[in-house]
Amino acid sequence: MTGARPALVVPLSEVSRGDHELVGGKASQLGEVIRQGLPVPPGVVVTTQAYSAFVEGTGIAPAIAQALASIDPAKPETVEQASRTIRERFEGTPFPEALLAELSPAVDAFQREHGVAYAAVRSSSTAEDLESASFAGLQETYLNVHGTEAILGAIRKCWGSLFTPRVLVYRARKGFDHSKVRLAVLVQKMVDSSVSGILFTRDPNTGENHMIIEAGWGLGEAIVGGEVTPDHYVVDGASHRIVQKQVAEQAFKLERGADGGNAKVPVPVADRSRQKLVDERIQRLASLARVIESHYRRPMDVEWCADGNGLYIVQARPITTIPSGTGPPPAPRGGPAAASDGAEGERPLVSGFGASPGIAGGVARILRSAGEMERLKPGEVLVTTMTTPDMVPAMAQAAAIVTDEGGMTCHAAIVSRELGVPCVVGTRKATSSIAEGSPVSVDGKAGTVYAGLDRAEKAKVPPAAALAATDLGQHAPVTATKILVNVGVPEKAAEYARLPVQGVGLLRIEFIFTAHIREHPLSLIKKGQREELVERLADGIAKVCRAFHPRPVIVRTSDFKTNEYRGMPGGAEFEPNEENPMIGWRGCSRYISPVYKEAFLAELDAIARVRTARGLKNAMVMLPFVRNTWELEEIAEMMRAQGLKRSRDFKLYLMAEVPSTVFLAEEFAKHCDGFSIGSNDLTQLVLGADRDSETLGRMGYFDERDPAVLRAIEMLIEGAHAAGRTVGICGQGPSVYPEFAEFLVRQGIDSISLNADTVVPTIRTIAALEQRLKLDGLRRSED
C-alpha cells in the first residue's frame, strides 16, 4: 500500500494486516477476511494519512496537545473538558480544500460503483482490534448515512471520537500514548440487516472449544450496546453440531429510519419469541468463522449480519481475554445456577450469563445512566440495565458489574474481561431485585449474584498467596518443560510477569520500533538522532527486563521484511522493492550488510546499555532468520565489540527457521547456546508454501503438523541435544493443537514460549502429557 505519496483513500479489498498503521485495526482485519474469500460488504478506507492531513492542514494539533496536557487522571472533569475541547475542534473545523478535493470524489465514486444508497461509517483506530486490547465499541460508528456530504461529516465525527472520555480513560489504562494513536475511517455499503449478532470461536468465559453465537433482530448495535438480550447458541467446535439454544424474547429492534439513521421499532408479536437464526444459518456461520480462526490461528471475535441474500462478516478481531481456567461453562438462565440452591443453601438474588470470571463483592450501586457515574465509589458493585462505552471510567473502578440486559458478547462482557472485573450480564431483573446499597457477592464465572459478602470473602486469600490464586492461574502445575511467555509491547510486562512462567521466550524488538519509535532506524540515524533511537529501544527492553528480573528475557533482534520497513516513515529511501520479501533481505543478512549495519549496531548498543548501565543482566539475545554459520561469525564480532560476549550470564540463541539450521544443527550449535523453533517460517520453507498465500492456506498446504515439518523439528532437537544445546519453540501451535504439544513433549523439547492468554491452560495440558508419558514408561518397564 505504500507509494510515492501517502494514500488518502484505499479500497477495503486491497488492504491486509500489514497495512495496520495506514488503515487501522478494524479495516486491516476485514481486509484479511476478504482475502480468505469470505463475504464482506464492499468499502473504502479513509486512511490515517488523511487523518494526519486534516490535523496538520487545519492547524488543530497544538490545541489537541494542549487539551491532552491539561488532563489530571485523578480529576474526571479534566478528562471531560479535554474531550469536549478536542471533539469540538474536529467537528467544527472544515476540511482543508486540498484534502476535500481528494476525499469527496473518492466517496462519490465508491457510492456509484457499488450502488450505495446508505453507508456505514466506522472508526478504525491504530490502537484497535489488537490482541491485547479490543477497544470494543469505544470509537464511534454511524449507520445508514446517506450521501457524500453526510458521509464526510460522519468521518470528522469519527476522527473526533478518538478523544471521547471513555477512549481516553481506556487508552491510558491499556498503556497507549494518546499522541501516537491515529484513526482511519471505514466507509462500507450498509446491509439492511434482518438479523445480526456476534460469534466467539472459543467460549470467552471458559476457553472451551465451543463457538458462542448471539443473534438478535435488526441491527447489531442493540446487541453490542446491551440494549437487548439476544438468542444464545452454542456450537461444538469440532463437529459444528448445535449443542445448546436459548431463545430470548425481543420486544424491539433497530432498523433504518425513514430518513436514514437508526430507528427503534417494535418487533412483531409473532416474532418476539421466535428463534432469530435458523439452524442452517447457524452452521453456515460456524463454517465461516472456522475459516477466519484457521487463518489467524487464534480464537476470534466475529461480528456478522444477514439479509435476504445471505450472511456477511462485518468485523473480526482476536479475543483479547481467554481465561486460564477450563472449568464448567456458565449456567444458562433457567438452568442450574438459576434453579438450584447455592452451596450454602440459599438461592441467588439473580442469575445470568457469567461474562467475566472471578468472584468479588461490595455495596451494590444502581446506575440508571452514564450521567450517574460519580455515584459509584471504588470497590462498589456496578448494577445497571446495560453498560455503555461512556461508562468505562466507572467500570474500571467497580469491584464487579451486573446488568439486566446483554449477552456474552455485549459491551459490558468484552470490556469487563479486559479490565479483569467479574461480570454477570443478562439477568433481566438485577436493577429491580438488588437493593441499592446492599452488600452482594458476584460470581462472574457461574453467572450468579448472592446477598451478602460471604462468598466474596471466602474467595479471598492471604496477601502472601494473593498472586498465586488470581485468575492468572498461578496454581498451575509444575512441568519438566520450561514455560516462557511472549511479550509484545513493554507496557504489558508487569502484568505478564505475574504469570507462572520462567521468563520471556520472545521479546520482538520490532514491536518496540512500531509502538515507540515509529520511524525507520536509518532515517533517525541519518537525521543525527541515533542516541534517541538507542535510548528509546533501551527504555522498552529495560521495562520488560525489570518486570521479570531475575528471570531471563530473550530479546530477538529486528526481523522486519523490506515491505514492512518501507511502510515506516523514512523507510522508502533505504528499502528495495522485493518480489518475495519473506525469503529476501531479512534477519541476519541485514546485520552484516553495509547498508543496514549501523541500525543493527544501535540495537546491540541498546541491549548492552540495559545490561550494563541499567544493571539488568537478564537480557539475552536471539538472532532471527539465520542462514549460514559464516554470517554468525561476523555478527559475533560486532556483538563482542559492544561487550556482548557469550558467557555464563549472557546467552545467545538462534531462531531455527531455515532448513540449513536443521540439517547442520551441530555446526550451528558451535555459535550459540540454544535454538528456538520459528514454526511459521520453518513450515513455509520445508513445504515450499508461502505463509502469506491465501490460496495455499485455504487449500490446507500451510500446516506445521505436516509430517515433513515434524521430521525437521525432530532432527533439530536430536542434533542440538547431541551438541549439548537447548531447543525451544515460540508460537501458538502448542496451545492450539494439543497433538502438536504432545509431539514436542515426546521429542524432549526444552521450553515452550506462549502468548499470555494461553499460558495456564497450556501448562495444564503439558503437565497432563508429561504425567501420561511417565505412566506409559512405567507400564512398559513393568512389561
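The values are calculated or read from the model by the stated rules, or taken from the named source; none is laboratory data. None of these values were measured; they are calculated from a predicted model. As a convention, Cβ positions derive from the backbone with ideal geometry for all residues, glycine included, and neighbour counts pool all protein chains shown. Ligands, DNA and RNA are stripped out before the accessible areas are found, and what is left, the full protein with its side chains, is counted by its heavy atoms. Shrake-Rupley method; radii C 1.70, N 1.55, O 1.52, S 1.80 Å.
So the values come out like this:
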read-out: Calculated FRET value between Thr58 and Thr78, using beta carbons and R₀ = 30 Å, to 0.05; value: 0.80
read-out: Largest-first ordering by accessible area, 1.4 Å probe, given options Trp630, Trp159; value: Trp630, Trp159
read-out: Zero-based 10 Å bins, Cα pair distances in the chain, whole percents; value: 3, 13, 23, 26, 21, 12, 3, 0, 0
read-out: Relative packing of peptides 183-191, 445-453, 577-585 - highest average C-beta neighbours within 10 Å first; value: 183-191, 445-453, 577-585
read-out: Kirkwood hydrodynamic radius (C-alpha pairs) into Stokes-Einstein, segment 5-55, 37 °C and 0.692 mPa s, D in µm²/s; value: 301
read-out: Reciprocal mean inverse distance between Cα atoms of segment 1-113 - Kirkwood radius, Å; value: 16.1
read-out: 23 Å Cα-Cα threshold exceeded, pairs from Lys26/Lys445; Lys157/Lys492; Lys189/Lys264; Lys157/Lys253; value: Lys26/Lys445; Lys157/Lys492; Lys157/Lys253
read-out: Pairwise FRET efficiency - Arg290 versus Glu14, Cβ, R0 = 35 Å, nearest 0.05; value: 0.90
read-out: Peptide ranges 207-216, 360-369, 662-671, 66-75 listed from the most packed, as the mean C-beta count within 10 angstrom indicates; value: 207-216, 360-369, 662-671, 66-75
read-out: Pairwise label distance in nanometres, Asp454 with Glu113, each label 7 Å out on the Cα-Cβ vector; value: 6.6
read-out: With every protein chain in place, the chain: carbon and sulfur % of accessible area (1.4 Å); value: 52
read-out: Protection-proxy order for peptides 545-553, 595-603, 675-683, each taking the mean of Cβ atoms within 10 Å per residue, highest first; value: 675-683, 545-553, 595-603
read-out: Stretch gain in nm, segment Arg272-Met715, where the contour uses 0.36 nm per residue and the Cα spacing is subtracted; value: 153.4 nm
read-out: Of all DSSP beta bridges in the chain, antiparallel share, percent nearest 5; value: 65
read-out: Under-5 Å amide H pairs with Ser125, H placed in peptide plane, nonlocal only; value: Gly25, Lys26, Ala184
read-out: Label-point gap, in nm, between Ala494 and Ser104 - each point 7 angstrom along Cα→Cβ; value: 5.0
read-out: Karplus 3J(HN,Hα) series, Hz, for segment 752-765 with 6.51 cos²θ - 1.76 cosθ + 1.60 (x for Gly, Pro); value: 10, 10, 10, 5, 4, 6, 10, 4, 5, x, 6, 4, 5, 4
read-out: Solvent-accessible heavy-atom area per residue, rounded to whole Å², over the chain at 1.4 Å; value: 39
read-out: For segment 637-760, alpha-carbon Rg relative to the globular expectation (2.2 N^0.38 Å, N residues); value: 1.12
